[in-house]
Amino acid sequence: MATWTAFPYGGDYVFDAARVKNNWARLHAGDAEPLPQDDKVLQAWALFHSGEFQKAVDMGLQIGGAGLTVANKSSCIYATYLEKKERARLDLYMEVARRAERQTQDDPGNVNAHYWQAYALGRYSQGISVAKALAQGLGTKVKESLETVIQLEPKHADAHMALGAFHAEVIDKVGSLIGGMTYGAKKDTGLRLLQEALQLNFQSAIGMIEYANAMVMLDGEKMMKEATRLYQLAAAAKPMDAMERLDVEMAKVELED
């Protein structure tokens, strides 16, 4: 495995297994991952929350089982925010999608196996173009996986957020008529899901960002003021770990642009 780009704020977030365990509910308010009983899995999560994404992947893969979720999340967050090469980014997403799909086959009740499969395929779709991905049938897979997550765990904030963003992106790319008839995408459903995501995890900077993006995609310039307000809230959020710091920094960059 090539050496990954380092988390640029190394040392700002230092976690060990005990600190992860003590702050579990706050750190995992978005993904509803159950508290691990295995100390090694907690150690892998400590690497993730500290921004040691490559080490978290390596350790998660070595552990297997619940460790695979650490590996999947670490790969996806790294690919989304820190990987500079498009090909490497897409390859990481497909690795996660395949690994998570095997998890769903072995353990159909594993909520975050379904979620990370959907997330990885969704990001891959954005990378190759949403229109192309829809033509390949990836959109249907993403939608069905996210709906499965919400069915299994109704309080999974990140799944509500991702599914809401899916509805908005499909309508943005193919229009409300085709989006609704072919993919079941609906403006009201998308916005409702994003609102529910923020109700479930009100501190989520990425939730505010995705909601802002969806409003602009669905309603255009008239929503720019409200979208900017949400970006400002996201940029002012107090991150607790490395992933949240990357979300906040992204909001700051978008506001500058």
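The values are calculated or read from the model by the stated rules, or taken from the named source; none is laboratory data. Computed from a predicted structure; not experimentally measured. Methodologically, a virtual Cβ is constructed for each residue, glycine included, from the backbone with ideal geometry; neighbour enumeration extends over all protein chains shown.
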Note: among Ile150, Ile209, Ile178, Ile171, just one is touching a His at 6+ places or on another chain (Cβ under 7 Å), surrounded by 14 or more Cβ atoms within 10 Å (Cβ to Cβ) and either more than 25 Å from Glu254 (Cβ to Cβ) or touching a residue at least 40 places away in the same chain (Cβ under 8 Å) (or both), namely Ile150
Sole miss for Leu138 among (1) of a type in the set (A, V, I, L, M); (2) crowded, with 24+ Cβ neighbours inside 10 Å; (3) over 21 Å from Phe15 (Cα atoms) is condition (2)
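Among what's in segment 236-253 and is part of a helix (DSSP H, G or I) and among the aliphatic types (A, V, I, L, M), pick the residue that is farthest from Phe53 (Cα to Cα).
We begin by selecting, within segment 236-253, every residue part of a helix (DSSP H, G or I); these are 236, 242-253.
Now narrow it down to the ones that are among the aliphatic types (A, V, I, L, M): 236, 242-243, 246, 248, 250-251, 253.
Details: Ala236: 24, Ala242: 9, Met243: 10, Leu246: 12, Val248: 18, Met250: 18, Ala251: 21, Val253: 22 Å.
Going through the qualifying residues, I end up with Ala236.
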> Would you say Leu218 is more than 22 Å from Cys76 (Cα to Cα) and either surrounded by 14 or more Cβ atoms within 10 Å (Cβ to Cβ) or touching a Lys or Arg at 6+ places or on another chain (Cβ under 6 Å) (or both)?
Replying inline: yes
In segment 20-62, anything farther than 20 Å from Glu83 by Cβ and of a type in the set (Lys, Arg) is listed as Lys21, Arg26, Lys40
The residue that is modelled with the lowest pLDDT, considering only those in segment 120-173 that are of a type in the set (Lys, Arg) and under 20 Å from Arg98 (Cα atoms), is Lys132
Filtering segment 215-236 for residues that are in contact with an Asp or Glu (Cβ under 8 Å, 6 or more places away or on another chain) and closer than 19 Å to Asp172 by Cβ leaves a count of 4
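Could you say which residue among Arg98, Arg87, Arg123, Arg102 is surrounded by fewer than 23 Cβ atoms within 10 Å (Cβ to Cβ) and touching a Cys at 6+ places or on another chain (Cβ under 9 Å)? Walk me through how you get there before you give the answer.
Working: Arg98 fails: touching a Cys at 6+ places or on another chain (Cβ under 9 Å); Arg87 fails: touching a Cys at 6+ places or on another chain (Cβ under 9 Å); Arg102 fails: touching a Cys at 6+ places or on another chain (Cβ under 9 Å).
Among Arg98, Arg87, Arg123, Arg102, only Arg123 is surrounded by fewer than 23 Cβ atoms within 10 Å (Cβ to Cβ) and touching a Cys at 6+ places or on another chain (Cβ under 9 Å).
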Those helices (runs of 4 or more DSSP H) completely within segment 167-235 that have 3 or more residues that are over 21 Å from Arg123 (Cβ atoms) and within 21 Å of the chain's Cα centre (by Cα) are 187-200
Residue hits (segment 227-245; closer than 20 Å to Leu194 by Cβ and touching a residue at least 40 places away in the same chain (Cβ under 8 Å)) are Met243
In segment 188-206, anything buried (at least 22 other Cβ atoms within 10 Å of the Cβ) and closer than 17 Å to Lys173 by Cα is listed as Gly190
Taking first residues from segment 81-100 that are farther than 14 Å from Val57 by Cβ and second residues anywhere that are among the basic types (Lys, Arg) and at pLDDT 95 or above, the pairs with Cβ under 7 Å that are 6 or more apart or on different chains are none
If we keep only residues of segment 70-84 that are buried (at least 22 other Cβ atoms within 10 Å of the Cβ) and aliphatic (A, V, I, L, M), then the residue farthest from Leu47 (Cα to Cα) is Ala79
Of the conditions (1) under 17 Å from the mean Cα position of the chain (by Cα); (2) crowded, with 21+ Cβ neighbours inside 10 Å, the single one that Val130 does not satisfy is (2)
